[in-house]
1. Answer yes or no: is there a residue in segment 46-55 that is under 13 Å from the mean Cα position of the chain (by Cα), of a type outside the set (Gly, Ala, Ser) and buried (at least 19 other Cβ atoms within 10 Å of the Cβ).
2. Just to be sure before I move on: is Gly226 closer than 16 Å to Ala83 by Cβ, surrounded by 13 or more Cβ atoms within 10 Å (Cβ to Cβ) and not hydrophobic (A, V, I, L, M, F, W, C) in the structure I sent?
3. Could you please find all residues in segment 16-36 being surrounded by 20 or more Cβ atoms within 10 Å (Cβ to Cβ), more than 20 Å from Met201 (Cβ to Cβ) and within 10 Å of the chain's Cα centre (by Cα)?
4. Identify, by number, the condition in (1) assigned to a helix (DSSP H, G or I); (2) farther than 21 Å from Leu189 by Cα; (3) touching a helix residue (DSSP H, G or I) at 6+ places or on another chain (Cβ under 8 Å); (4) at pLDDT below 85 that Leu3 doesn't meet.
5. Please state which of the following conditions Leu117 fails to meet, knowing it meets all the rest: (1) modelled with pLDDT under 80; (2) open to solvent by 30 Å² or more (accessible area, probe 1.4 Å).
6. With respect to the numbered conditions (1) under 30 Å from Phe18 (Cβ atoms); (2) crowded, with 19+ Cβ neighbours inside 10 Å, which one is the sole condition not fulfilled by Met201?
7. So how many residues does segment 181-196 have that are open to solvent by less than 70 Å² (accessible area, probe 1.4 Å) and closer than 23 Å to Gly56 by Cα?
8. Out of all the residues in segment 65-82, which are open to solvent by 60 Å² or more (accessible area, probe 1.4 Å) and touching a residue at least 12 places away in the same chain (Cβ under 8 Å)?
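The values are calculated or read from the model by the stated rules, or taken from the named source; none is laboratory data. Just so you know, these numbers come straight off a predicted model, no measurement behind them. Don't worry about glycine lacking a Cβ; one is built from the backbone with ideal geometry, like all the others, and counts go over all protein chains shown. Just so you know, the surface numbers come from the protein's heavy atoms only, side chains and all, with ligands and any DNA or RNA stripped out. Shrake-Rupley method; radii C 1.70, N 1.55, O 1.52, S 1.80 Å.
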Amino acid sequence: MNLPFLDLLTAFGQSLLFAFIGVLPILNPLATAPLFVDQARGLSDQGRVMLAHRIGKNVAILLAVTMLTGSYVLRFFGVSLPAVRIAGGVIVASIAWRMLNTQQATTDDATQMAQALTEDKARVKAFYPLTFPLTCGPGTISVAIAVGASLHSRTSIPMSLVNLSGGLVASLLLGLLVAVTFRYSSTLLRRLGDTGQVVFMRLMAFILLCVGVEIVWAGVRALLAGLGVVDAQ
């Protein structure tokens with residue numbers, strides 16, 4: 001069945017907005033920008049820019065792959081979304097806890113950090129933990145899987161392809177947004193001053209800890225609801 005071009009274009013735009021608006025609030029690159037600055041403190045300006053671009057690229061690829069194949073991969077390995085939330089939430093909470101309890105670096109510590117965090121090591125850290133789970137965490141993965149499943153149309157294959165294309169473009173835009181936000185995060189935070197940066201970073205680490213705990217609880221509650229122990233919400 002041939003669909004009118006205007007209908008396909010409308011479906012593309014709706015899918016793009018649906019995926020973008022659905023993922024953006026939980027991805028929230030502004031909340032993780034201070035964590036990026038803290039992790040990349042020992043790099044040069046050029047190194048931070050390259051790292052920001054690499055993280056943005058990783059986020060776009062991770063979201064796109066998750067939307068396309070996430071539900072099928074979990075089904076193949078027999079892994080449920082609650083299990084993904086619990087495992088990912090534990091990782092997020094543990095990283096946030098370490099950052100929350102890290103003492104402010106002295107000049108000597110900063111010098112050692114600058115020597116230890118080379119460009120090669122930063123390239124390795126670009127995916128873990130900076131892309132996953134700090135930027136694109138289990139909550140984002142869960143939402144992306146749900147969005148991807150919703151984009152599959154039962155009416156026709158062309159409509160499914162158009163919907164998925166909209167989701168892929170949304171993934172690209174979200175990755176670009178992450179890259180731009182992280183690239184200029186140092187400039188934005190520099191206006192806060194040293195004390196303001198420490199306070200803001202600790203606050204974001206605490207919020208990230210709360211998010212990790214909430215993700216774990218959401219997974220536990222879903223498992224308990226499946227067993228009939230609590231009511232599903």
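1. There is at least one residue in segment 46-55 that is under 13 Å from the mean Cα position of the chain (by Cα), of a type outside the set (Gly, Ala, Ser) and buried (at least 19 other Cβ atoms within 10 Å of the Cβ).
2. Values: closer than 16 Å to Ala83 by Cβ: yes; surrounded by 13 or more Cβ atoms within 10 Å (Cβ to Cβ): no; not hydrophobic (A, V, I, L, M, F, W, C): yes.
Judged against the criteria, Gly226 is not a match.
3. Of everything in segment 16-36, just one residue is surrounded by 20 or more Cβ atoms within 10 Å (Cβ to Cβ), more than 20 Å from Met201 (Cβ to Cβ) and within 10 Å of the chain's Cα centre (by Cα), namely Val23.
4. (1)
5. (2)
6. For Met201, the exception is condition (1).
7. The initial filter retains those residues of segment 181-196 that are open to solvent by less than 70 Å² (accessible area, probe 1.4 Å), namely 181-182, 185-187, 189, 193, 196.
Narrowing the set further to residues that are closer than 23 Å to Gly56 by Cα leaves 181-182, 185-187, 189.
Residues meeting the conditions: 6.
8. Leu68
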